[in-house]
Amino acid sequence: MIAVMKWLGLAGKIPLARGARRRKKTFHGKKEALKRFASGRGIFKTWSQDFVEAYLECGLLEKDSETAILKCDPELEAQIFESVPLDVWKYADKVSCPVLAIRGELSDTFRVDAAERLKRKIANCQLETIANAGHFVPMGKPKECARAITDFIKRN
């Protein structure tokens, strides 16, 4: 879909880019940002309070006691979504080291068909699907994600 939209000159209409451009960037202090991000909206709905706080600790710039802004400007994020490379599959079969691919069962970004394709293309690829997790597996299911990584390292 992204390739077609780019080809038609509609990169600005890519849903992730449009969503990024609508993202609020300035807050009345860190407390307001924390309240907004911890409210269970959008990508943050599966994140623990600890991860939301860590995200804001690293991702917010407190300009003064009244104003906090996102360090990653929503416009830059939108441009990243619009410029995502579309030819990454041609590199997968060149990977020669062991690979652990972790996906959330509920992810709408790393879908089952893509995970299975990756497993077929990379000779030594193990696929781990974390139940009841979305796209941000480490933030939503940190213990399960850490266990999968630790087990993989021990085996390899």
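FYI, it's all coordinate maths here, none of it is from the lab. Owing to the predicted nature of the structure, the values given are computational and were not obtained by experimental measurement.
One chain, two ends: ALA123 and LYS31. Fully extended at 0.36 nm per residue, the span grows by 28.3 nm beyond their Cα-Cα distance. Its residue count N sets the reference 2.2 N^0.38 Å, and the alpha-carbon radius of gyration of region 2-82 equals 1.24 times that reference. Computed on region 32-139, with alpha-carbon pairs under 8 angstrom and 6+ residues apart, the relative contact order is 23 percent. Each eigenvalue of the Cα gyration tensor of the chain, multiplied by 5 and square-rooted, gives one semi-axis; in descending order these are 31, 23, 13 Å. Among the lysines, which have Cα under 29 Å from the Cα of LYS6 when same-chain residues fewer than 8 positions away are ignored? Answer for LYS6, where 29 Å is the Cα cut-off: LYS24, LYS25, LYS71, LYS90, LYS94, LYS119, LYS121, listed by chain and number. Note on LYS141: aspartates and glutamates with a C-alpha under 19 Å away, same-chain residues under 8 apart excluded, are ASP50, GLU53, GLU105, ASP108, GLU128, ASP151. So for the chain: antiparallel DSSP bridges make up what percent, rounded to the nearest 5? Of the beta bridges lying entirely in the chain, close to 50 percent run antiparallel. Calculated on C-alpha atoms, the gyration radius of region 49-138 divided by its Kirkwood radius gives an Rg/Rh of 1.09.
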